[in-house]
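Colleague: So that we are looking at the same thing, I have put the structure below in C-alpha cells.
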Amino acid sequence: MSGKEGKFLKWSSIIATVGTTIIALTALITVFVTLNAWKVQREAARPYLSLRESPQVEVKEGVQFEFKFTNVGAHPAVNLSSQTLVFDQNLQNKPIHNERYDLVNEIPKDTSSSLVIALTPKEISPSSDNVSPYYLVVILQYFDPLINKQYQQTLFLKWHGIKDGKGQAIVHVQVQEKDKITNYLKANQVKIN
C-alpha cells in the first residue's frame, strides 16, 4: 500500500467516524425531543377538576354548600379525597369546620361529581338574619391511573354570609386574601392532609 492510499484510507475512516457520530447525536436529540413532547402531551391529558357552575348555598337549620366538579381532563380521576376548611373572615379563631371526604368511584372525562359541605347549627347559627362572611378552603387530591401520578388542587373561596336572612354567594378570593389565608393556616398549624 502506498503512502497516498494509506492517507486516503485514514481520512476516509475519520470522515466516516465523524459522519456516524453526527447521525448518532441527531438520533439522540430526536429521541430526547420526542420523549419531552410525549411527557408534555401526557401531562396535558391529566385529569383536572373544574367548577362548572357557581356553588349552591342552602340555609335551613344549618348551612349547606354544594360544589359540582367536572373532570375536564382526558384521563379519569380516581381516589378523590377532599378536605374542607371553613373559618371566619376575621382570621382570629380556629376553623369552625375541618372535614375530609373520600370518594372511591372513578370520575371519567366530562363527568361531574358533587361535594357537599354541611355546617351544623353548632358550627354556624343561621337563625340570625345576618352572619358575617367566611372563607372556605377546598383541597382536592386525586390520582391519574393512566400515568400513575397524584394531583392536588386547592380552591380559596369566600362565602359572603347571610344578609337579611338570605344566604349570599360564594366567590373566589383575591390574591391578597389568599396570602392572608395561607399565613392564617400556618399560624394556626392547620394540617392540610
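The values are calculated or read from the model by the stated rules, or taken from the named source; none is laboratory data. As the structure is a prediction and not an experimental result, all values here were calculated from the model. Note that each Cβ is placed from the backbone with ideal geometry, even for glycine, and that neighbours are counted across all protein chains shown. Ligands, DNA and RNA are excluded from the accessible area calculation, which covers all protein heavy atoms including side chains. Shrake-Rupley method; radii C 1.70, N 1.55, O 1.52, S 1.80 Å.
Colleague: Taking a cut-off of 25 Å between Cα atoms, list the lysines near K163, but don't count ones fewer than 8 places away on the same chain.
Modeller: Partners within reach: K60, K68, K94, K122, K178, K180.
Colleague: Under a 1.4 angstrom probe, counting protein chains only, how are Y142, Y101 ranked by accessible area, largest first?
Modeller: Numbers: Y142 0, Y101 105 Å².
In descending accessible area the options line up as Y101, Y142.
Colleague: Among P108, V138, W11, whose Cα sits farthest toward the positive end of the charge dipole of the chain (+1 at Cβ of Lys/Arg, -1 at Cβ of Asp/Glu, about the Cα centre)?
Modeller: My answer, from the dipole projection, is W11.
Colleague: Hey, another quick one. For the stretch 47-154, with only Lys/Arg (+1) and Asp/Glu (-1) charged at the beta-carbon, what is the dipole magnitude about the Cα centre, in debye rounded to 20?
Modeller: 220
Colleague: First measure r as the distance between the Cβ atoms of S132 and A45, then evaluate 1/(1 + (r/R0)^6) with R0 = 45 Å and state the FRET efficiency to the nearest 0.05.
Modeller: Efficiency, rounded to the nearest 0.05: 0.60.
Colleague: Measure out, as a whole number of angstrom, how far apart the alpha-carbon centroids of the stretch 1-55 and the stretch 81-105 sit.
Modeller: With the stretch 1-55 and the stretch 81-105 each reduced to a Cα centre, they are spaced 49 Å.
Colleague: If I model a spin label at T21 and K60 as a point 7 Å from the Cα along the Cα→Cβ vector, what separation in nanometres do I get?
Modeller: Roughly 7.8 nm, to one decimal.
Colleague: Viscosity 0.692 mPa s, temperature 37 °C: what is the translational diffusion coefficient of the stretch 123-193 from Stokes-Einstein with a Kirkwood Rh over Cα pairs, rounded to a whole number of µm²/s?
Modeller: The calculation lands on 229 µm²/s.
Colleague: Can you tell me how much longer the chain between V175 and S114 gets when fully stretched, taken as 0.36 nm per residue apart minus their C-alpha distance, in nm with one decimal?
Modeller: Working: separation 61, 0.36 × 61 = 21.96 nm, distance 2.63 nm.
So the extension gain works out to 19.3 nm.
Colleague: Counting only protein heavy atoms and a 1.4 Å probe, tell me what percentage of the chain's accessible area is made up of carbon and sulfur.
Modeller: 55
Colleague: Tell me, in nm to one decimal, what length is gained between L35 and L146 on full extension, where the rule is 0.36 nm per residue of separation less the Cα-Cα distance?
Modeller: Length gained between L35 and L146: 38.3 nm.
Colleague: Suppose each label sits 7 Å from its Cα in the direction of the beta carbon; what would the Y101-K186 distance come out to in nanometres?
Modeller: 2.9
Colleague: Taking the Cα-to-Cβ direction at E53 and at N93 and moving 7 Å from each Cα, how far apart do the two end points lie in nm?
Modeller: 3.2
Colleague: Match the structure shown to one of the listed values (1) 1.10; (2) 1.75; (3) 1.52 of Cα Rg over 2.2 N^0.38 Å, computed from it, and give that label.
Modeller: Here the calculated entry is (2).
Colleague: With no solvent and one equal point scatterer placed on each C-alpha of the stretch 71-143, evaluate the Debye formula and give log10 I(q)/I(0) for q = 0.17, 0.22, 0.27 Å⁻¹, two decimals.
Modeller: Debye curve over Cα of the stretch 71-143, log10 I(q)/I(0) at q = 0.17, 0.22, 0.27 Å⁻¹: -0.73, -0.95, -1.24.
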